[in-house]
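One structure below.
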Amino acid sequence: MMFAGNLQLNGHHVLIAGEPRAARRAVARYRAAGAHVSEAHDPGTAERQLNAAHLIRLVVAVDDGNAGWAVLEKLAASQAILISHEPAAPGEGSVTLLGGGPGSSDLLTERGVAALTAADVVFYDRLGPSHDLARLAPGAALVDVGKAPGHHKVPQARITELMIESARAGNNVVRLKGGDPYVFGRGSEELADCRAAGIQATVIPGISSAISVPGAVGIPVTARGISKGFTVLSGHDPFTEQELGHMAGFGGTLVVLMGVATLEQTTAGLLRHGLDAGTPAAIIERGCTDTQRSTRATLGTLAEAARSARCSNPAVIVIGGVAALGDRDLELQSLIPAVAR
Ligand code: SAH
(Lines give C-alpha, C1' and ligand atoms only; values in the text may rest on other atoms or scores of the structure.)
Protein backbone atom coordinates (compact mmCIF):
# COMPACT_ATOMS: atom_id res chain seq x y z
CA MET A 1 0.00 0.00 0.00
CA MET A 2 1.13 3.48 -0.62
CA PHE A 3 1.05 4.68 2.96
CA ALA A 4 4.05 6.77 3.87
CA GLY A 5 6.57 4.54 5.63
CA ASN A 6 5.06 2.57 8.44
CA LEU A 7 3.16 5.48 9.95
CA GLN A 8 0.46 4.37 12.33
CA LEU A 9 -2.50 6.22 10.85
CA ASN A 10 -5.18 5.27 13.27
CA GLY A 11 -6.69 8.45 14.70
CA HIS A 12 -4.14 10.75 13.04
CA HIS A 13 -5.00 13.75 10.91
CA VAL A 14 -4.12 13.48 7.26
CA LEU A 15 -4.66 16.16 4.63
CA ILE A 16 -5.29 14.85 1.14
CA ALA A 17 -4.56 17.45 -1.48
CA GLY A 18 -5.91 16.97 -4.97
CA GLU A 19 -8.86 17.38 -7.27
CA PRO A 20 -11.72 15.23 -5.85
CA ARG A 21 -11.91 12.60 -8.61
CA ALA A 22 -8.15 12.18 -8.70
CA ALA A 23 -7.97 11.99 -4.90
CA ARG A 24 -10.93 9.71 -4.28
CA ARG A 25 -8.95 6.52 -4.00
CA ALA A 26 -6.42 7.99 -1.58
CA VAL A 27 -9.28 9.41 0.51
CA ALA A 28 -11.00 6.02 0.69
CA ARG A 29 -7.80 4.22 1.56
CA TYR A 30 -6.64 6.57 4.31
CA ARG A 31 -10.14 6.60 5.81
CA ALA A 32 -10.16 2.81 5.76
CA ALA A 33 -6.84 2.87 7.63
CA GLY A 34 -8.47 4.86 10.41
CA ALA A 35 -7.01 8.32 9.69
CA HIS A 36 -8.98 11.55 10.22
CA VAL A 37 -9.01 12.68 6.63
CA SER A 38 -9.54 16.24 5.50
CA GLU A 39 -9.50 17.16 1.86
CA ALA A 40 -8.18 20.18 0.01
CA HIS A 41 -9.25 20.46 -3.59
CA ASP A 42 -7.07 23.44 -4.50
CA PRO A 43 -3.70 24.77 -3.31
CA GLY A 44 -5.16 27.85 -1.58
CA THR A 45 -7.40 25.74 0.62
CA ALA A 46 -4.54 23.38 1.37
CA GLU A 47 -2.38 26.27 2.50
CA ARG A 48 -5.09 27.62 4.80
CA GLN A 49 -5.76 24.21 6.28
CA LEU A 50 -2.10 23.51 6.93
CA ASN A 51 -1.61 26.85 8.63
CA ALA A 52 -4.69 26.41 10.77
CA ALA A 53 -4.63 22.74 11.71
CA HIS A 54 -1.71 21.82 13.91
CA LEU A 55 -2.74 18.22 14.23
CA ILE A 56 -1.98 17.30 10.64
CA ARG A 57 0.85 14.77 10.55
CA LEU A 58 0.83 13.86 6.90
CA VAL A 59 0.01 15.55 3.63
CA VAL A 60 -0.85 13.28 0.73
CA ALA A 61 -0.22 15.14 -2.50
CA VAL A 62 -2.19 13.58 -5.34
CA ASP A 63 -0.65 14.12 -8.73
CA ASP A 64 -3.67 15.60 -10.54
CA GLY A 65 -1.55 17.67 -12.91
CA ASN A 66 -1.99 20.99 -11.06
CA ALA A 67 1.42 22.69 -10.78
CA GLY A 68 0.10 24.85 -7.94
CA TRP A 69 0.55 22.01 -5.47
CA ALA A 70 4.30 22.68 -5.43
CA VAL A 71 3.59 25.14 -2.64
CA LEU A 72 2.82 22.17 -0.38
CA GLU A 73 6.42 21.00 -0.39
CA LYS A 74 7.71 24.16 1.24
CA LEU A 75 4.84 24.46 3.63
CA ALA A 76 5.12 20.89 4.79
CA ALA A 77 8.87 21.17 5.18
CA SER A 78 8.61 24.38 7.21
CA GLN A 79 6.14 22.74 9.59
CA ALA A 80 7.95 19.39 9.71
CA ILE A 81 4.96 17.58 8.27
CA LEU A 82 5.53 14.44 6.23
CA ILE A 83 4.49 14.58 2.61
CA SER A 84 3.70 11.62 0.42
CA HIS A 85 2.96 11.64 -3.30
CA GLU A 86 0.36 9.51 -4.97
CA PRO A 87 -0.74 9.04 -8.56
CA ALA A 88 -4.18 10.29 -9.53
CA ALA A 89 -6.98 7.74 -9.62
CA PRO A 90 -7.91 7.17 -13.25
CA GLY A 91 -10.99 9.09 -14.35
CA GLU A 92 -12.25 6.22 -16.46
CA GLY A 93 -13.65 3.26 -14.63
CA SER A 94 -12.69 -0.30 -15.47
CA VAL A 95 -13.60 -3.88 -14.68
CA THR A 96 -11.08 -6.50 -13.63
CA LEU A 97 -12.17 -10.13 -13.55
CA LEU A 98 -9.90 -11.49 -10.88
CA GLY A 99 -9.14 -15.15 -10.29
CA GLY A 100 -8.87 -15.40 -6.53
CA GLY A 101 -7.58 -18.96 -6.31
CA PRO A 102 -9.11 -21.74 -4.24
CA GLY A 103 -9.73 -19.86 -1.01
CA SER A 104 -6.65 -18.98 0.98
CA SER A 105 -5.66 -15.34 0.38
CA ASP A 106 -1.96 -16.18 0.11
CA LEU A 107 -2.76 -18.12 -3.06
CA LEU A 108 -3.70 -14.89 -4.84
CA THR A 109 -1.24 -13.66 -7.46
CA GLU A 110 0.72 -10.45 -6.86
CA ARG A 111 -1.21 -8.89 -9.71
CA GLY A 112 -4.44 -9.89 -8.02
CA VAL A 113 -3.37 -8.32 -4.73
CA ALA A 114 -2.48 -5.09 -6.57
CA ALA A 115 -5.89 -5.05 -8.27
CA LEU A 116 -7.66 -5.41 -4.92
CA THR A 117 -5.51 -2.69 -3.34
CA ALA A 118 -6.56 -0.28 -6.08
CA ALA A 119 -10.22 -1.33 -6.17
CA ASP A 120 -13.11 1.08 -5.54
CA VAL A 121 -15.70 -1.70 -5.55
CA VAL A 122 -15.34 -5.46 -5.18
CA PHE A 123 -18.13 -7.83 -6.17
CA TYR A 124 -17.51 -11.18 -4.51
CA ASP A 125 -19.16 -14.45 -3.68
CA ARG A 126 -18.42 -17.34 -1.36
CA LEU A 127 -15.57 -18.85 -3.39
CA GLY A 128 -12.09 -17.40 -3.40
CA PRO A 129 -10.51 -15.42 -0.55
CA SER A 130 -13.66 -13.42 0.28
CA HIS A 131 -13.13 -13.53 4.07
CA ASP A 132 -10.00 -11.42 3.80
CA LEU A 133 -11.34 -8.58 1.65
CA ALA A 134 -11.45 -5.86 4.29
CA ARG A 135 -7.67 -6.17 4.53
CA LEU A 136 -6.94 -6.78 0.85
CA ALA A 137 -9.23 -4.06 -0.55
CA PRO A 138 -9.17 -1.36 2.15
CA GLY A 139 -10.50 1.39 -0.09
CA ALA A 140 -13.31 -0.60 -1.68
CA ALA A 141 -17.01 -0.98 -1.16
CA LEU A 142 -17.59 -4.73 -0.79
CA VAL A 143 -20.67 -6.15 -2.49
CA ASP A 144 -21.69 -9.77 -1.84
CA VAL A 145 -23.31 -11.19 -4.96
CA GLY A 146 -22.77 -14.74 -3.75
CA LYS A 147 -24.83 -17.66 -4.69
CA ALA A 148 -25.46 -20.51 -2.37
CA PRO A 149 -26.33 -23.46 -4.63
CA GLY A 150 -29.93 -23.09 -5.73
CA HIS A 151 -30.10 -19.59 -4.25
CA HIS A 152 -29.18 -16.92 -6.68
CA LYS A 153 -28.66 -13.91 -4.46
CA VAL A 154 -28.01 -11.62 -7.40
CA PRO A 155 -28.82 -13.00 -10.86
CA GLN A 156 -25.89 -13.21 -13.26
CA ALA A 157 -27.30 -10.62 -15.67
CA ARG A 158 -27.75 -8.20 -12.77
CA ILE A 159 -24.16 -8.73 -11.62
CA THR A 160 -22.93 -7.73 -15.05
CA GLU A 161 -25.23 -4.72 -15.07
CA LEU A 162 -24.03 -3.62 -11.64
CA MET A 163 -20.39 -3.93 -12.70
CA ILE A 164 -20.97 -1.89 -15.82
CA GLU A 165 -22.94 0.80 -13.97
CA SER A 166 -20.24 1.07 -11.34
CA ALA A 167 -17.43 1.29 -13.91
CA ARG A 168 -19.38 3.94 -15.82
CA ALA A 169 -19.47 5.97 -12.61
CA GLY A 170 -15.66 5.96 -12.75
CA ASN A 171 -14.97 3.11 -10.36
CA ASN A 172 -12.23 0.54 -10.55
CA VAL A 173 -14.39 -2.54 -10.28
CA VAL A 174 -12.98 -5.91 -9.32
CA ARG A 175 -15.07 -9.02 -9.80
CA LEU A 176 -13.45 -11.54 -7.49
CA LYS A 177 -14.00 -15.13 -8.51
CA GLY A 178 -12.93 -18.42 -7.05
CA GLY A 179 -10.12 -20.19 -8.88
CA ASP A 180 -9.59 -18.96 -12.42
CA PRO A 181 -12.18 -16.75 -14.15
CA TYR A 182 -12.12 -18.88 -17.29
CA VAL A 183 -12.83 -22.20 -15.57
CA PHE A 184 -16.61 -22.34 -15.16
CA GLY A 185 -16.41 -18.72 -14.03
CA ARG A 186 -18.41 -16.99 -16.75
CA GLY A 187 -15.26 -14.98 -17.41
CA SER A 188 -15.65 -14.87 -21.16
CA GLU A 189 -19.30 -13.78 -20.97
CA GLU A 190 -18.63 -11.00 -18.48
CA LEU A 191 -15.61 -9.81 -20.44
CA ALA A 192 -17.62 -9.67 -23.66
CA ASP A 193 -20.52 -7.84 -21.96
CA CYS A 194 -18.21 -5.22 -20.44
CA ARG A 195 -16.42 -4.65 -23.72
CA ALA A 196 -19.71 -4.42 -25.61
CA ALA A 197 -20.70 -1.69 -23.15
CA GLY A 198 -17.48 0.16 -23.93
CA ILE A 199 -15.90 -0.56 -20.54
CA GLN A 200 -12.23 -1.38 -20.34
CA ALA A 201 -12.08 -4.93 -18.98
CA THR A 202 -9.20 -7.25 -18.16
CA VAL A 203 -8.76 -10.72 -16.70
CA ILE A 204 -6.24 -11.73 -14.06
CA PRO A 205 -5.71 -15.48 -13.92
CA GLY A 206 -6.05 -17.43 -10.72
CA ILE A 207 -5.09 -20.85 -9.43
CA SER A 208 -7.94 -23.13 -10.39
CA SER A 209 -9.43 -25.47 -7.82
CA ALA A 210 -9.38 -28.16 -10.51
CA ILE A 211 -5.65 -28.62 -9.98
CA SER A 212 -4.90 -27.04 -6.61
CA VAL A 213 -7.62 -28.71 -4.54
CA PRO A 214 -6.60 -32.29 -5.43
CA GLY A 215 -3.02 -31.09 -4.95
CA ALA A 216 -3.84 -29.88 -1.45
CA VAL A 217 -4.28 -33.50 -0.37
CA GLY A 218 -1.35 -34.71 -2.41
CA ILE A 219 -3.30 -35.93 -5.44
CA PRO A 220 -1.46 -34.94 -8.63
CA VAL A 221 -3.80 -34.63 -11.61
CA THR A 222 -1.14 -36.33 -13.70
CA ALA A 223 1.59 -38.74 -12.62
CA ARG A 224 4.05 -40.57 -14.80
CA GLY A 225 2.95 -44.14 -15.42
CA ILE A 226 -0.50 -43.54 -13.89
CA SER A 227 -2.19 -40.76 -15.79
CA LYS A 228 -0.98 -38.83 -18.77
CA GLY A 229 -3.82 -36.36 -18.90
CA PHE A 230 -6.73 -34.92 -17.05
CA THR A 231 -10.05 -33.56 -18.08
CA VAL A 232 -12.00 -31.00 -16.08
CA LEU A 233 -15.77 -31.30 -16.26
CA SER A 234 -18.75 -29.52 -14.86
CA GLY A 235 -21.10 -31.87 -13.01
CA HIS A 236 -23.70 -29.15 -12.58
CA ASP A 237 -26.05 -30.98 -14.94
CA PRO A 238 -26.06 -34.77 -15.25
CA PHE A 239 -23.71 -36.09 -17.92
CA THR A 240 -25.26 -37.48 -21.08
CA GLU A 241 -24.77 -41.11 -22.05
CA GLN A 242 -22.42 -40.02 -24.80
CA GLU A 243 -20.33 -37.95 -22.39
CA LEU A 244 -20.23 -40.82 -19.88
CA GLY A 245 -19.02 -43.14 -22.64
CA HIS A 246 -16.15 -40.79 -23.50
CA MET A 247 -15.30 -40.21 -19.87
CA ALA A 248 -15.22 -43.94 -19.11
CA GLY A 249 -12.97 -44.58 -22.09
CA PHE A 250 -10.65 -41.62 -21.54
CA GLY A 251 -8.01 -43.42 -19.50
CA GLY A 252 -6.72 -40.28 -17.75
CA THR A 253 -7.85 -38.43 -14.65
CA LEU A 254 -11.41 -37.12 -14.43
CA VAL A 255 -11.81 -33.95 -12.37
CA VAL A 256 -15.41 -32.97 -11.74
CA LEU A 257 -16.38 -29.57 -10.34
CA MET A 258 -19.87 -28.70 -9.11
CA GLY A 259 -20.52 -32.43 -9.05
CA VAL A 260 -21.77 -33.27 -5.56
CA ALA A 261 -25.49 -33.18 -6.39
CA THR A 262 -25.04 -35.38 -9.48
CA LEU A 263 -22.37 -37.68 -7.98
CA GLU A 264 -24.56 -40.75 -7.83
CA GLN A 265 -25.59 -40.41 -11.48
CA THR A 266 -21.99 -39.82 -12.51
CA THR A 267 -20.52 -42.85 -10.76
CA ALA A 268 -23.39 -45.13 -11.83
CA GLY A 269 -23.04 -43.90 -15.40
CA LEU A 270 -19.27 -44.47 -15.49
CA LEU A 271 -19.72 -48.00 -14.10
CA ARG A 272 -22.42 -48.67 -16.68
CA HIS A 273 -20.03 -47.57 -19.41
CA GLY A 274 -17.40 -50.01 -18.22
CA LEU A 275 -15.03 -48.03 -15.99
CA ASP A 276 -13.60 -50.40 -13.37
CA ALA A 277 -15.36 -50.25 -9.99
CA GLY A 278 -11.96 -50.44 -8.29
CA THR A 279 -10.74 -47.20 -9.91
CA PRO A 280 -9.49 -44.93 -7.11
CA ALA A 281 -11.66 -41.89 -6.43
CA ALA A 282 -11.69 -38.99 -3.99
CA ILE A 283 -13.79 -36.03 -3.07
CA ILE A 284 -12.14 -32.98 -1.55
CA GLU A 285 -14.33 -30.36 0.11
CA ARG A 286 -13.31 -26.77 0.78
CA GLY A 287 -9.76 -27.44 -0.41
CA CYS A 288 -6.98 -25.02 0.60
CA THR A 289 -9.09 -23.63 3.45
CA ASP A 290 -8.82 -24.50 7.12
CA THR A 291 -11.90 -26.72 6.95
CA GLN A 292 -10.59 -28.82 4.07
CA ARG A 293 -11.68 -32.44 4.18
CA SER A 294 -11.11 -35.34 1.83
CA THR A 295 -12.90 -38.62 1.42
CA ARG A 296 -11.17 -41.47 -0.38
CA ALA A 297 -12.97 -44.34 -2.01
CA THR A 298 -13.21 -46.19 -5.30
CA LEU A 299 -15.55 -45.54 -8.17
CA GLY A 300 -17.78 -48.32 -6.82
CA THR A 301 -17.94 -46.89 -3.29
CA LEU A 302 -17.60 -43.13 -3.81
CA ALA A 303 -21.27 -42.20 -3.89
CA GLU A 304 -21.98 -44.12 -0.69
CA ALA A 305 -18.86 -42.73 1.01
CA ALA A 306 -19.84 -39.17 0.10
CA ARG A 307 -23.35 -39.73 1.40
CA SER A 308 -22.19 -41.15 4.73
CA ALA A 309 -19.67 -38.36 5.18
CA ARG A 310 -22.34 -35.81 4.17
CA CYS A 311 -20.04 -34.27 1.57
CA SER A 312 -21.17 -30.88 0.35
CA ASN A 313 -20.18 -28.08 -2.00
CA PRO A 314 -17.73 -26.71 -2.80
CA ALA A 315 -15.95 -29.91 -3.60
CA VAL A 316 -13.71 -31.35 -6.30
CA ILE A 317 -14.20 -34.98 -7.33
CA VAL A 318 -11.23 -36.91 -8.71
CA ILE A 319 -11.59 -40.26 -10.45
CA GLY A 320 -8.55 -42.16 -11.70
CA GLY A 321 -5.42 -43.92 -10.53
CA VAL A 322 -3.92 -40.71 -9.14
CA ALA A 323 -6.70 -40.52 -6.53
CA ALA A 324 -4.91 -43.29 -4.63
CA LEU A 325 -1.84 -41.06 -4.14
CA GLY A 326 -1.25 -38.43 -1.51
CA ASP A 327 -0.70 -37.74 2.12
CA ARG A 328 -3.48 -39.65 3.73
CA ASP A 329 -2.01 -39.20 7.18
CA LEU A 330 -2.68 -35.50 6.89
CA GLU A 331 -6.32 -35.95 6.07
CA LEU A 332 -9.30 -36.24 8.31
CA GLN A 333 -10.22 -39.87 7.75
CA SER A 334 -12.27 -40.43 10.87
CA LEU A 335 -15.59 -39.59 9.27
CA ILE A 336 -15.13 -41.96 6.40
CA PRO A 337 -16.84 -45.35 6.52
CA ALA A 338 -14.89 -48.52 5.84
CA VAL A 339 -14.42 -48.06 2.14
CA ALA A 340 -11.37 -49.01 0.14
CA ARG A 341 -8.64 -46.66 1.24
N1 SAH B 1 -13.42 -20.85 -11.43
C2 SAH B 1 -13.38 -21.86 -10.40
C3 SAH B 1 -14.49 -22.87 -10.53
C4 SAH B 1 -15.87 -22.27 -10.41
S5 SAH B 1 -17.14 -23.48 -10.39
C6 SAH B 1 -12.00 -22.50 -10.39
O7 SAH B 1 -11.22 -22.33 -11.33
O8 SAH B 1 -11.69 -23.15 -9.40
C9 SAH B 1 -17.34 -23.74 -8.68
C10 SAH B 1 -16.82 -25.10 -8.28
O11 SAH B 1 -15.41 -25.07 -8.13
C12 SAH B 1 -17.31 -25.59 -6.94
O13 SAH B 1 -18.60 -26.12 -7.00
C14 SAH B 1 -16.29 -26.67 -6.65
O15 SAH B 1 -16.52 -27.80 -7.44
C16 SAH B 1 -15.03 -26.01 -7.17
N17 SAH B 1 -14.27 -25.31 -6.10
C18 SAH B 1 -13.88 -24.04 -6.11
N19 SAH B 1 -13.15 -23.75 -5.00
C20 SAH B 1 -13.08 -24.90 -4.31
C21 SAH B 1 -12.45 -25.27 -3.08
N22 SAH B 1 -11.74 -24.40 -2.35
N23 SAH B 1 -12.58 -26.56 -2.66
C24 SAH B 1 -13.27 -27.45 -3.37
N25 SAH B 1 -13.89 -27.15 -4.53
C26 SAH B 1 -13.78 -25.90 -5.00
Subject >> the range 135-150, residues that are free of Cβ contacts under 8 Å to residues at least 60 places away in the same chain and within 19 Å of MET163 (Cα to Cα) >> reply: ALA137, ALA141, LEU142, VAL143, ASP144, VAL145, GLY146, LYS147
**OP:** Could you please tell me which pairs satisfy a Cβ distance under 8 Å, a separation of 6+ or placement on different chains, a first residue in the range 45-67 that is more than 16 Å from ARG24 (Cα to Cα), and a second residue that is among the polar types (S, T, N, Q) and in a loop (DSSP other than H, G, I, E, B)?
**Re:** LEU50/GLN79
Original post:
Looking at this structure, is GLY206 within 16 Å of the ligand (Cβ to nearest atom), within 26 Å of ALA309 (Cα to Cα) and at pLDDT 95 or above?
Top reply: no
**OP:** Return yes or no: is VAL154 in a helix (DSSP H, G or I) and out of contact with any strand residue (DSSP E or B) (no Cβ under 7 Å at 6 or more places or on another chain)?
**Re:** no
Original post:
So which residues in the range 167-190 are open to solvent by less than 20 Å² (accessible area, probe 1.4 Å), closer than 27 Å to ARG29 by Cα and either of a type in the set (Phe, Trp, Tyr) or part of a helix (DSSP H, G or I) (or both)?
Top reply: ALA167
Original post:
If we keep just the residues of the range 257-299 that are assigned to a strand (DSSP E or B) and of a type in the set (Lys, Arg), which is farthest from the ligand (Cβ to nearest atom)?
Top reply: ARG296
**OP:** Given the conditions (1) within 19 Å of the chain's Cα centre (by Cα); (2) closer than 19 Å to ALA115 by Cα; (3) among the polar types (S, T, N, Q), report the number of the one that SER209 does not fulfil.
**Re:** (2)
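The rows are residues; the columns are (1) under 20 Å from the mean Cα position of the chain (by Cα); (2) within 9 Å of the ligand (Cβ to nearest atom); (3) crowded, with 21+ Cβ neighbours inside 10 Å.
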position	(1), (2), (3)
GLY215	yes, no, no
GLY218	no, no, no
VAL221	no, no, yes
GLY229	no, no, no
SER234	yes, yes, no
PRO238	no, no, no
Subject >> Filter pass, VAL113 being within 30 Å of ALA216 (Cα to Cα) and either more than 38 Å from the chain's Cα centre (by Cα) or not charged (D, E, K, R) (or both) >> reply: yes
Original post:
Taking the stated definitions as given, is LEU72 in contact with a His (Cβ under 9 Å, 6 or more places away or on another chain), among the aliphatic types (A, V, I, L, M) and more than 30 Å from PHE184 (Cβ to Cβ)?
Top reply: no
Subject >> Checklist (1) part of a loop (DSSP other than H, G, I, E, B); (2) within 16 Å of the ligand (Cβ to nearest atom); (3) among the small types (Gly, Ala, Ser) applied to GLY198, failing item >> reply: (2)
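Residue-wise test of (1) open to solvent by less than 10 Å² (accessible area, probe 1.4 Å); (2) not in a helix (DSSP H, G or I).
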residue	(1), (2)
LEU97	yes, yes
GLY103	yes, yes
ARG111	no, no
LEU116	yes, no
VAL122	yes, yes
ARG126	no, yes
LEU133	yes, no
**OP:** Taking the options ALA76, ALA53, ALA67, name whichever one is surrounded by fewer than 15 Cβ atoms within 10 Å (Cβ to Cβ), at pLDDT below 85 and not assigned by TED's automatic domain parsing to the domain that holds ASP132.
**Re:** ALA53
**OP:** Determine which member of the set ALA40, ALA46, ALA26 is crowded, with 16+ Cβ neighbours inside 10 Å and under 20 Å from ALA119 (Cα atoms).
**Re:** ALA26
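The values are calculated or read from the model by the stated rules, or taken from the named source; none is laboratory data. From a predicted model like this one, the values you see are computed outputs, not experimental measurements. Backbone-built Cβ (ideal geometry, glycine too); neighbour counts: all protein chains shown. Ligands, DNA and RNA are stripped out before the accessible areas are found, and what is left, the full protein with its side chains, is counted by its heavy atoms. Shrake-Rupley method; radii C 1.70, N 1.55, O 1.52, S 1.80 Å.
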